[in-house]
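A.B. asks: One structure coming up, written as structure tokens, with questions to follow.
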Protein chains: 2
Amino acid sequence: MVTIKDLAKEVGVSVATVSRALTGSGYASPDVRRRVLEAAERLDYKPNEVARALNTSRSNVVGVLVPDITNPYFPKVIRGIEDEAIRNDYRVIIGNTDNDQKKESKYLEIFRQNNCAGIISATWSIEHKAYSGERPLILLDRVAENLPSIEADNLKGGRLQAMHLIERGADKVLVIKGHEGYSSFDDRAVGALETLETQGIEYETLAYRQLDSLLSNDKLDDFTRFNGIICPNDVTAYKVLNGLRALDIAVPDAVKVIGYDNLDFSEYVHPSLTTIGQPIYELGRNAFRMLMDLAAGKPAPSQVLNVALVRRQST
Amino acid sequence: MVTIKDLAKEVGVSVATVSRALTGSGYASPDVRRRVLEAAERLDYKPNEVARALNTSRSNVVGVLVPDITNPYFPKVIRGIEDEAIRNDYRVIIGNTDNDQKKESKYLEIFRQNNCAGIISATWSIEHKAYSGERPLILLDRVAENLPSIEADNLKGGRLQAMHLIERGADKVLVIKGHEGYSSFDDRAVGALETLETQGIEYETLAYRQLDSLLSNDKLDDFTRFNGIICPNDVTAYKVLNGLRALDIAVPDAVKVIGYDNLDFSEYVHPSLTTIGQPIYELGRNAFRMLMDLAAGKPAPSQVLNVALVRRQST
């Protein structure tokens with residue numbers, strides 16, 4: 001690989017002069033600058049990003065925190081981030097936190113040690129003190145006071161879930177809540193419950209951690225009491241559909257099931273899943289753009305993207 | 001952030017001395033070394049990885065190339081790589097190539113510019129010259145002469161697919177091939193076709209790029225000629241199941257369908273998918289271990305992991 005030393009030798013000036021000519025910081029005569037740039041082109045010199053990161057104390061690497069990349073929601077978010085990053089000549093390092101604050105803290109430290117230009121976090125929880133103010137930070141699917149964030153309209157999504165089940169005739173609804181402490185799941189539940197209340201519909205709620213025991217206990221009654229089930233995401237809905245099938249409960253005739261996310265798979269499950277469509281790729285893409293704005297000292301107002309009902313066979 | 005300069009000031013020695021004391025390269029008296037390490041501990045000094053990368057000309061970043069992270073096979077591979085990387089204090093940069101050699105070349109250049117310690121590539125194709133010999137390289141799901149690789153036993157997997165359909169009574173089989181030019185897909189097809197030949201079973205093959213037009217043309221005949229369909233991966237099988245459902249062709253009664261990968265979703269589609277189980281997470285994990293061996297100058301013999309039939313309702 002051609003180094004800055006090779007360029008200096010080729011042009012017959014010092015390494016420091018080549019550096020000034022290349023970066024435009026400090027003085028280099030127009031003639032020297034021209035000769036350096038010509039040599040760089042001729043020798044196919046590629047700036048070493050590690051050296052650049054050291055000089056500027058910001059690398060062109062962005063850190064992204066997700067709970068778990070094998071949850072199929074996140075690859076699409078990450079693809080949105082990564083496509084936009086590569087267009088802007090940035091790289092992405094991903095950390096899987098498994099919703100574990102120790103892992104999260106470790107990654108934050110790693111991002112600092114790598115001079116990351118910024119962080120996009122989909123795992124931020126309000127109690128977490130490990131995020132320092134040093135780096136631009138964008139919250140994704142998470143909201144906190146005084147921090148720029150991007151999410152889809154979870155409140156509206158929750159309302160759409162409830163309204164649709166009601167319109168389809170459900171009047172005894174089970175609302176399965178998502179992981180606790182996450183604003184996105186909290187808002188979905190608030191939107192759904194508010195709507196069920198207003199419309200005078202009977203409902204019960206189930207904490208996410210109780211789902212597996214409900215699905216495995218084989219008690220038909222636990223499900224046949226309901227004719228509508230609101231799920232916090234599509235993956236949960238797949239599990240519910242499987243559980244109902246195992247109990248021979250007909251969907252949508254006996255129970256209507258609605259998911260949230262509109263993952264690609266939701267058209268492949270059977271019955272295909274009615275759900276709330278989120279612009280997942282755009283969440284990632286826009287998060288990266290906001291981060292670039294912040295890093296450039298520009299304002300990056302929080303964004304709330306729109307959601308829409310995607311009607312299929314499960315309701 | 002505490003820098004090496006702060007440590008030098010604290011201890012009252014030069015930056016070069018601190019550096020020698022911390023890295024153990026070059027002379028520093030035992031007393032100075034002890035004082036530097038104590039100061040590092042007291043001030044919570046974290047070595048700057050960028051600076052370290054510059055000094056050693058190898059960073060602790062590993063580059064991983066995949067066709068597309070939103071294909072649900074790859075997040076699990078990446079999780080295996082990433083978990084093992086973090087245990088070894090390495091970071092992972094991911095590149096999505098979309099099977100486009102230009103994008104692939106760009107990422108390889110980026111990896112070099114970031115002084116990546118090595119590359120794991122799941123997109124390598126034999127014609128591609130852009131991989132230089134500079135960095136340790138492990139091929140994943142790809143095989144090439146003289147390069148260390150890791151894959152699951154695709155030949156055996158293809159054989160298992162065909163044998164199972166035959167055992168289930170299929171005697172007119174459609175073999176859908178995967179993307180061309182990839183040894184993993186080629187080997188699966190070879191294994192399946194070889195078995196069908198040996199057993200004297202009628203078959204036809206379909207190129208992957210023709211699948212969508214077959215699925216959208218609505219000609220029942222194109223499918224009812226077959227009573228068994230071998231798919232190159234699970235995602236293809238989901239599409240096929242959907243297509244058959246749209247045409248009201250009963251699975252498994254009229255046609256038996258088998259996939260390949262055993263993705264989590266394959267138990268959620270209906271009918272649930274019979275498939276070939278690959279140790280996907282382990283492929284990623286072992287690939288990283290091989291890369292570390294190579295980087296340490298140790299031998300890293302190619303690995304072929306075992307596969308197994310996972311029987312469900314689609315056959």
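The values are calculated or read from the model by the stated rules, or taken from the named source; none is laboratory data. The structure presented is a predicted model; accordingly, all values stated were derived computationally and were not measured. Virtual Cβ from ideal backbone geometry, glycine too; neighbours counted across all protein chains shown.
A.B. asks: When you go through (1) crowded, with 24+ Cβ neighbours inside 10 Å; (2) of a type outside the set (Phe, Trp, Tyr); (3) over 18 Å from residue A:82 (Cα atoms) one by one for residue B:64, which number turns out not to apply?
C.D. replies: Here residue B:64 meets the rest and fails (3).
A.B. asks: Same structure again: Out of the residues in segment A:83-110 meeting the condition of being within 12 Å of chain B (Cβ to nearest Cβ) and polar (S, T, N, Q), tell me which one is farthest from residue A:61 (Cα to Cα).
C.D. replies: Restricting to residues being within 12 Å of chain B (Cβ to nearest Cβ) and polar (S, T, N, Q), the top hit is A:97.
A.B. asks: Is it the case that segment B:34-47 has a residue that's within 20 Å of residue A:87 (Cα to Cα) and either among the charged types (D, E, K, R) or modelled with pLDDT under 85 (or both)?
C.D. replies: There is no residue in segment B:34-47 that is within 20 Å of residue A:87 (Cα to Cα) and either among the charged types (D, E, K, R) or modelled with pLDDT under 85 (or both).
A.B. asks: What do you reckon, is residue A:94 surrounded by 18 or more Cβ atoms within 10 Å (Cβ to Cβ) and not in a helix (DSSP H, G or I)?
C.D. replies: Yes.
A.B. asks: Is there any pair linking a residue in segment B:159-180 that is farther than 21 Å from residue B:235 by Cβ to one that is among the basic types (Lys, Arg), with Cβ under 9 Å and at least six apart or on different chains, and which?
C.D. replies: Note: pairs meeting the criteria are B:168/B:256; B:169/B:256; B:170/B:256; B:172/B:225.
A.B. asks: Going by what's in this entry, would residue A:79 be described as closer than 22 Å to residue B:62 by Cα, surrounded by fewer than 23 Cβ atoms within 10 Å (Cβ to Cβ), at pLDDT below 95 and within 10 Å of another protein chain (Cβ to nearest Cβ)?
C.D. replies: So residue A:79 fails the test.
A.B. asks: Taking segment B:69-91 only, how many residues are within 12 Å of the chain's Cα centre (by Cα) and not in a loop (DSSP other than H, G, I, E, B)?
C.D. replies: 10
A.B. asks: Keeping to segment B:291-315, report how many residues are under 17 Å from residue B:135 (Cα atoms) and either basic (Lys, Arg) or surrounded by 17 or more Cβ atoms within 10 Å (Cβ to Cβ) (or both).
C.D. replies: 5
A.B. asks: Could we say that residue B:295 is hydrophobic (A, V, I, L, M, F, W, C), more than 14 Å from every other protein chain (Cβ to nearest Cβ) and in contact (Cβ under 8 Å) with a residue 60 or more places away in the chain here?
C.D. replies: yes
A.B. asks: Here's a follow-up. Facing another protein chain (nearest Cβ under 10 Å), part of a strand (DSSP E or B), closer than 11 Å to residue A:62 by Cβ and modelled with pLDDT of 90 or more - does that describe any residue in segment A:111-123?
C.D. replies: no
A.B. asks: Could you check segment A:58-76 and list, in sequence order, the residues that are more than 10 Å from every other protein chain (Cβ to nearest Cβ) and touching a Ser or Thr at 6+ places or on another chain (Cβ under 6 Å)?
C.D. replies: Correct list: A:65, A:67.
A.B. asks: I need the helices (runs of 4 or more DSSP H) fully contained in segment A:145-238, keeping only those with at least 1 residues that are over 24 Å from residue A:262 (Cβ atoms) and out of contact with any helix residue (DSSP H, G or I) (no Cβ under 9 Å at 6 or more places or on another chain).
C.D. replies: In segment A:145-238, A:183-198, A:211-216, A:220-224 are the helices (runs of 4 or more DSSP H) which contain 1 or more residues that are over 24 Å from residue A:262 (Cβ atoms) and out of contact with any helix residue (DSSP H, G or I) (no Cβ under 9 Å at 6 or more places or on another chain).
A.B. asks: For segment B:23-32, give me each residue that is modelled with pLDDT under 80 and assigned to a helix (DSSP H, G or I).
C.D. replies: B:23, B:30
A.B. asks: Another question about this same structure. Exactly one of these conditions fails for residue A:245: (1) outside any strand (DSSP E or B); (2) within 14 Å of chain B (Cβ to nearest Cβ); (3) touching a residue at least 12 places away in the same chain (Cβ under 8 Å). Give me its number.
C.D. replies: Unmet condition: (3).
A.B. asks: Does segment A:138-155 contain at least one residue that is more than 30 Å from residue A:63 (Cβ to Cβ), at pLDDT 95 or above and among the acidic types (Asp, Glu)?
C.D. replies: no
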